[in-house]
């Protein structure tokens with residue numbers, strides 16, 4: 001499941017990069033920083049990524065999760081800080097639902 | 001293309017009236033209430049849920065997005081009232097009122113804003129009350145829940161403005177619905193007397209303000225609270 005989630009995130013970032021016509025998110029990997037501390041996304045872009053991810057997770061796994069966390073805007077502990085942490089976070093939410 | 005409007009609390013009262021009104025104007029109306037719907041129309045969808053149940057609200061919004069691909073307007077109409085001295089108000093009553101009035105408005109606003117963000121268009125109308133502006137005795141908890149909605153409305157109007165989403169609130173005076181049926185007549189009379197225009201509000205008064213807020217031409221109107229009847233803070 002972890003690989004599927006990571007692929008969803010990476011595909012989304014590639015699309016976002018094309019949309020933004022930038023190279024901040026080019027060739028995203030597990031280690032790609034997303035938000036805070038050198039991350040490529042500002043808070044508006046993060047909100048957009050979260051919205052798209054929720055929809056894709058819902059389509060892929062048939063589970064409605066909400067990517068909202070009290071640490072969302074934290075520089076150090078946000079689940080949105082990189083692709084790996086976000087993958088783990090989503091996996092955790094899906095496990096709780098089941 | 002038909003506009004899609006989501007209205008909470010459409011089983012009776014103002015919510016039902018508004019749902020039927022927007023259906024008559026050719027909108028697609030998505031409604032909800034805790035019990036089965038009472039509107040039969042091919043352009044109407046009803047969801048049975050508690051507005052403070054996050055999971056059910058998320059499901060409702062995603063189902064709507066899947067069927068219609070967009071949500072243009074959200075009316076956070078569902079609400080419950082309670083008239084009581086605060087010293088005799090139970091903890092459970094406070095929880096129920098805040099859950100339905102504030103949490104319901106919060107969850108629907110958050111989930112529907114996600115859809116509106118992607119389409120770069122949206123109109124959200126929240127509901128407050130003149131009891132909040134008047135600091136009306138006997139309505140402390142109800143008015144506080146609406147006071148929270150007022151502040152929330154104004155703050156999120158800034159957060160979603162970049163996406164061309166407006167968020168405003170209407171503060172109706174008493175309208176003759178179930179919500180006030182248990183309030184003593186003399187209390188209602190005293191309240192009407194505080195208004196500049198001393199009469200009950202009507203559905204027409206409410207529709208008028210909502211129509212203004214959701215009009216395409218109102219794109220520069222956001223974070224505003226309009227009280228009916230000449231009440232002000």
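No value in this document is a laboratory result; all are computed from the given coordinates. Note that the coordinates shown come from a computational prediction; the quantities given were computed from them, not determined experimentally. Backbone-built Cβ (ideal geometry, glycine too); neighbour counts: all protein chains shown.
Data overview
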read-out: Size descriptor, Kirkwood hydrodynamic radius, that averages inverse alpha-carbon separations across the stretch B:190-233, Å; value: 11.8
read-out: Angle between chain B longest axis and helix B:54-68 axis [Cα atoms, degrees, rounded to 10]; value: 40
read-out: Two-site FRET efficiency, residue A:15 against residue B:24, from Cβ-Cβ distance with R₀ of 45 Å, rounded to 0.05; value: 0.65
read-out: Candidates B:88, B:155, B:129, ranked by Gaussian network fluctuation over chain B, Cα under 10 Å, top entry; value: B:88
read-out: Projected area, mean over directions - the stretch B:1-131, Cα convex hull, nm²; value: 8.4
read-out: Relative contact order of the stretch B:109-233, pairs being alpha-carbon contacts under 8 Å that are 6 or more residues apart, as %; value: 34
read-out: Cβ neighbours within 10 Å from other chains - mean over B:61-67; value: 2
read-out: Shielding of B:71-80 by partner chains, average beta-carbon count, 10 Å; value: 0
read-out: Degrees between helix B:140-160 axis and first principal axis of chain B (Cα, 0 to 90, nearest 10); value: 30
read-out: Calculated FRET efficiency for the pair residue A:27/residue B:88, C-beta based, R₀ 56 Å, to 0.05; value: 0.30
read-out: GNM result for chain A, Cα springs below 10 Å: residue of A:44, A:25, A:86 fluctuating most strongly; value: A:44
read-out: GNM top mover of B:190, B:161, B:143 - chain B, alpha-carbon springs below 10 Å; value: B:190
read-out: Cα centroid separation, the stretch B:56-101 to the stretch B:182-216 (Å); value: 21
read-out: Percent of beta bridges antiparallel (DSSP, the stretch B:1-158, rounded to nearest 5); value: 0
read-out: Cβ neighbours within 10 Å from other chains - mean over A:60-66; value: 3
read-out: Cα pair distances in the protein assembly as shown, grouped into 20 Å bins until the bin that holds the longest one, percent each; value: 29, 53, 17, 1
read-out: Estimated [θ] at 222 nm from DSSP helical runs (n ≥ 4, -39500 (n - 2.57)) normalised by residues in chain B, nearest 500; value: -13000 deg cm²/dmol
read-out: Debye log10 I(q)/I(0) at q = 0.12, 0.16 Å⁻¹ for chain B, Cα point scatterers; value: -0.62, -1.13
read-out: Rounded FRET efficiency, nearest 0.05, which uses the C-beta distance separating residue B:41 from residue B:182 and R0 of 30 Å; value: 0.45
read-out: Nearest 10 degrees, 0 to 90: helix B:203-214 Cα axis against chain B principal axis; value: 50
